[in-house]
1. Open to solvent by less than 10 Å² (accessible area, probe 1.4 Å) and of a type outside the set (Asp, Glu): is that true of residue 219 in this structure?
2. Out of the stretch 224-240, which residues are out of contact with any Lys or Arg (no Cβ under 7 Å at 6 or more places or on another chain) and open to solvent by less than 40 Å² (accessible area, probe 1.4 Å)?
3. Does residue 273 satisfy the condition of being among the acidic types (Asp, Glu) and open to solvent by less than 20 Å² (accessible area, probe 1.4 Å)?
4. List every residue pair whose Cβ atoms sit under 6 Å apart, with the two residues 6 or more apart in sequence or on different chains, where the first one lies in the stretch 291-310 and is over 19 Å from residue 124 (Cα atoms) and the second, anywhere, is outside any loop (DSSP other than H, G, I, E, B) and modelled with pLDDT of 95 or more.
5. Give 251, 222 a once-over and let me know the one that is in contact (Cβ under 8 Å) with a residue 24 or more places away in the chain and under 23 Å from the mean Cα position of the chain (by Cα).
6. Out of the stretch 180-197, which residues are open to solvent by 10 Å² or more (accessible area, probe 1.4 Å) and either within 25 Å of residue 209 (Cα to Cα) or within 9 Å of the ligand (Cβ to nearest atom) (or both)?
7. Does at least one position in the stretch 43-52 carry a residue that is in the same structural domain as residue 176 (by TED's automatic domain parsing) and either open to solvent by less than 10 Å² (accessible area, probe 1.4 Å) or under 24 Å from residue 392 (Cβ atoms) (or both)?
8. Among the residues in the stretch 117-134, are any within 18 Å of residue 49 (Cβ to Cβ), open to solvent by 10 Å² or more (accessible area, probe 1.4 Å) and either more than 19 Å from the chain's Cα centre (by Cα) or away from the ligand (no atom under 13 Å from the Cβ) (or both)?
Amino acid sequence: MPEINDTTLEALRSRLRAATVYTAESETYKDVIVRWSGTGMKHAGVVVQPIDALDISIALLWAQEYSIDLAVKGGGHSTAGTSSSDGGLVIDLSRMNQVTVDIEQKTITSQGGATWKEVDEAGAAHGLAAVGGTVNHTGVGGLTLGGGYGWLSGEYGLTIDNLLSATVVLADGHIVTASATENVDLFWGLRGAGYNFGVVADFTYQAYDQKGPVYSGILAFTPDKLEGVMDALNESLAKPDSRFGAMSIFTLAPDGSGPMIIVIGFYNGPREEGQKKFASFTALEPVLNTLDMIPYSMVNTLQNPQATYGDRKAFKGIFYEPPLDPHFARGILNDFMAKIQSEPDLKASAIILEFTDMRKICEVPLTATALASRNHTQNGIIYLRWTDPSKDLEHRTWAREVQSKWKVELDARAIDQGVDSSVPQYINYAEPGDSLVSNIYGENLQRLQEVKEKYDPKNVFHKMQPIPTGASVRKKE
Ligand SMILES: Cc1cc2nc3c(=O)[nH]c(=O)nc-3n(C[C@H](O)[C@H](O)[C@H](O)COP(=O)(O)OP(=O)(O)OC[C@H]3O[C@@H](n4cnc5c(N)ncnc54)[C@H](O)[C@@H]3O)c2cc1C
């Protein structure tokens, strides 16, 4: 890959109109290459922070003219470095974080570099909410383009199911709208394989009335309650309620004394109903219970204290067919705690299990959007966090071993329950190269290849789960 030199850099600077340019010589260069995880950080040759689509287009064309590697940064949460480049150009959208609300139409338009915090807060100011991520400093960009699960998914589906339109800067520099009526094939591809086609300058989402607070908070249990907690979570999916959601987190108690089972609970309704929904959890006598009526936007801050920037991280998806076997969960907890005890540098790690009512998500036909993982399989994450860079490979290898155990369990369940466990898994939790299925795009692959050939035939956008086409295969060789 050619390197950036003074001449090419000067060409870039002279063409850009209002963007800010950073190189290794810039005073704040170190700050702009920071990512949520140290494992996602790379030393870019140049970072361009545009404030509009035109400068994105200029930067994109420049990179292609000089054959410079290209990465696009939204919220910067990729732990695998898919929003970073070693020596190439990063189009960093962080200054494109404006969010506007159309009160009449109940829509929210967010620029491509905003985080969910900005969307949540802008919506809340008008009694509206969008289906967004559960950790509010995550970028709207990556989360939307890969599907997007949030606390409101039970009621309204995925983020992409509520995407109305997007402004996209294509590889050829054109700035186009993608929606149900314009560039329909691009709009289809953006919803689930969206990192493949261009830079999204803005997204417009359907929003929903969310005038009142929700019943939500954190429950913490001692490890002896694990089976009871799993039973209660399984029960919540056996009798689903679209307004209910929960997450279970296996982690180390804050005082380091031993394991702790956390449940983050969510119910979009009044307190009395919420209390009933969580009665089987509170009956287990949690050592902490913060369930209360809180603003929707605050729910998406509950995980922030554990999901801070810094250190090195791996984020590996695990997938399971409910009901989750409590004995299996116990084995996972024991192995996880044994690992943390033998490797204290991993003490801030966790295993996160989501319990989402998938009915609304599964109402959308599998081929209606590019997302190939619409099914009732639940998502989870092995979240490893450590400080020693020399341990990267070792920790990632261990996370893959744990991932494999979940896959074996999923396969066994699938046989029992007659479910197809070879289906693709949630693309946003599948780090490139880590997918436990060979075809992350499932039955949508062929159409995606056609859309990719049309909009990005040279595979300019190749960092995150590139769709295999002639150009991507050539780039690999
Ligand atoms: C702490 C944490 C919490 C999470 N919670 C959830 C959750 O609740 N629900 C859920 O579904 N997922 C969740 N995820 C997964 C998340 O959706 C992905 O990690 C997502 O890719 C992050 O997007 P980003 O913009 O922050 O990251 P980035 O690293 O900036 O981008 C990720 C990929 O998307 C591309 N990209 C980003 N923005 C654009 C754009 N505007 N145009 C074109 N390409 C773009 C980048 O090039 C990169 O390849 C979470 C992840 C983390 C780390």
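The values are calculated or read from the model by the stated rules, or taken from the named source; none is laboratory data. From a predicted model like this one, the values you see are computed outputs, not experimental measurements. Glycine also receives a Cβ, built like all others from the backbone with ideal geometry; neighbour counts cover every protein chain displayed. Keep in mind that these areas ignore ligands, DNA and RNA; they rest on the heavy atoms of the full protein, side chains included. Shrake-Rupley method; radii C 1.70, N 1.55, O 1.52, S 1.80 Å.
1. yes
2. 228, 229, 230, 232, 233, 234, 236, 237
3. Spelling it out, it is not the case that residue 273 is among the acidic types (Asp, Glu) and open to solvent by less than 20 Å² (accessible area, probe 1.4 Å).
4. What qualifies is 291/217; 291/265.
5. Result: 251 is the single residue among 251, 222 that is in contact (Cβ under 8 Å) with a residue 24 or more places away in the chain and under 23 Å from the mean Cα position of the chain (by Cα).
6. 180, 191, 195
7. Within the stretch 43-52 (the criterion being in the same structural domain as residue 176 (by TED's automatic domain parsing) and either open to solvent by less than 10 Å² (accessible area, probe 1.4 Å) or under 24 Å from residue 392 (Cβ atoms) (or both)), the answer is no, since none of the residues qualifies.
8. no
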